[in-house]
Amino acid sequence: MLPPLPHPFLQSAIPAPGRSAPSAPARELRILLLEDNAPHAELVEHFLRESGLAFSLVRVETREDFEAQLEQQAPDMILSDYALPAFDGYAALEIAKQRAPHTPFIFVTGTMGEEVAIETLKNGATDYVLKTRLGRLGPAVQRALRESAERRERQRAEDKLRRSLEQLRALTTYLQYVREEERTRIAREVHDELGQALTGLKLDMSWLASKLGPNGKPMQQKVRTMVDHIDSTIQTVRRIATELRPGILDSLGLVAAMEWQANDFQSRTGIPCLVTTTVAETTTWDQDLTTVFFRIYQETLTNIIRHAKATRVTVRLDQEDGDLVMTVTDNGRGISEDEIASSRSLGLVGMRERAMLVGGELTLHGTPGKGTIVRLRVPLNGPRPARNGRL
């Protein structure tokens, strides 16, 4: 059997061989005792001191005094009789759960049936000790204190983890916004600056070709070839700018952008892609919402190209009970549950993170040999994270 763990409220500790006992006194345990019988209270105090605890004890008899002590300072331990003349133990337990939820609560009572004891433990009591067996009180208090300390430590760890996750999510939100803003800026500069420069160069070449005389046919042919190359480069610039941030998304809205993307997907892959919607094309939403829907839509189509082996894709956009819902269905091999749950599926992880940024939910369901359904649901009136919020 393992030796009991040392506790900070014990009056002394057993020194190691060859060493003297520590001189620093342990902090006193603050005990609040709800007991209307003075002799019983003395017995409780006696058995606590016999167990080696260093404590200060305040005894109260009424509800008013009990509440006043809890308001003044939360104790380290609450001991309570179960049967009191005008104030029962259940009421005391409920008050303690509200005023001092992290303080261990032990019933010290004369009689308590098994059913009642189990019920008190279910309702939040830490333990119970019969007055006929007060020798158990000290060990019960020490065990309750250890368990309380462990719970507090777990709570601190959970709070720290939660704060870390909140900071990570805030960072993810910030990075997503920065990424979209940077893509928009680069797309605009590529389209405007580089596109205009190439167009000007094409005009200059055309002018040069017109100035060549009849004897300059070889040179004219060369100039025409260069103009064709410039045209091809202009188309490449436009394609790159569109892939970075399609202008149609900002100018005409989400529905038009989805239809344009479906046509582009179909022309590149040969896979029919049909977009249907009950939403008017003129309907507009905030930029953050439309960006999330469009990027998840793009990523879904990319995954279909890479993994699905599909021959048909259908897309639907609807407003349902205050939510905007997008459903993308393919008839491919069907994504597996392992693929959905895998942390290595970075594309799916990114899609879920994007959905969470606008308070939405992304679900995936695959049927082997029949295809995959990707559904994004976002409340239209839900909270949105601050674009420039502090991290």
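The values are calculated or read from the model by the stated rules, or taken from the named source; none is laboratory data. For clarity, every value in this text was computed on a predicted model and none was experimentally measured. Cβ: placed from backbone, ideal geometry, glycine included. Neighbour counts: every protein chain shown.
Only a single criterion out of (1) surrounded by fewer than 19 Cβ atoms within 10 Å (Cβ to Cβ); (2) touching an Asp or Glu at 6+ places or on another chain (Cβ under 8 Å) is not satisfied by Lys97, namely (2).
Every residue, every condition in (1) assigned by TED's automatic domain parsing to the domain that holds Val378; (2) out of contact with any strand residue (DSSP E or B) (no Cβ under 7 Å at 6 or more places or on another chain); (3) modelled with pLDDT under 90, yes or no:
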{"site": "Thr242", "(1), (2), (3)": "no, yes, yes"}
{"site": "Asp286", "(1), (2), (3)": "yes, yes, yes"}
{"site": "Phe293", "(1), (2), (3)": "yes, no, no"}
{"site": "Ala310", "(1), (2), (3)": "yes, no, no"}
{"site": "Leu317", "(1), (2), (3)": "yes, no, no"}
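May I ask you to verify whether Leu134 is assigned to a helix (DSSP H, G or I), closer than 30 Å to Phe105 by Cα and at pLDDT 80 or above? Working first, answer last.
Details: assigned to a helix (DSSP H, G or I): yes; closer than 30 Å to Phe105 by Cα: yes; at pLDDT 80 or above: yes.
The answer is yes for Leu134.
The requirement of being of a type outside the set (A, V, I, L, M, F, W, C), closer than 30 Å to Pro104 by Cα and either surrounded by 15 or more Cβ atoms within 10 Å (Cβ to Cβ) or not assigned by TED's automatic domain parsing to the domain that holds Thr291 (or both) is fulfilled nowhere in the stretch 193-201; no residue meets it. The test for being among the hydrophobic types (A, V, I, L, M, F, W, C) and at pLDDT below 90 does not hold for Leu376. A single member of Tyr90, Tyr128, Tyr82 is in a helix (DSSP H, G or I) and either among the aromatic types (Phe, Trp, Tyr) or in contact (Cβ under 8 Å) with a residue 60 or more places away in the chain (or both), and it is Tyr90.
Check whether at least one residue in the stretch 101-118 is farther than 16 Å from Tyr128 by Cβ and either among the aliphatic types (A, V, I, L, M) or buried (at least 20 other Cβ atoms within 10 Å of the Cβ) (or both), and report yes or no. Within the stretch 101-118 (the criterion being farther than 16 Å from Tyr128 by Cβ and either among the aliphatic types (A, V, I, L, M) or buried (at least 20 other Cβ atoms within 10 Å of the Cβ) (or both)), the answer is no, since none of the residues qualifies. Filtering the stretch 319-352 to residues that are surrounded by 17 or more Cβ atoms within 10 Å (Cβ to Cβ), under 19 Å from Leu380 (Cα atoms) and either touching a Ser or Thr at 6+ places or on another chain (Cβ under 8 Å) or not assigned by TED's automatic domain parsing to the domain that holds Glu281 (or both) leaves only Met351. A search for C-beta distances below 8 Å between a residue of the stretch 219-240 that is polar (S, T, N, Q) and any residue that is in a helix (DSSP H, G or I), counting only pairs 6+ apart in sequence or on different chains, returns Gln220/Ala209; Thr233/Leu198.
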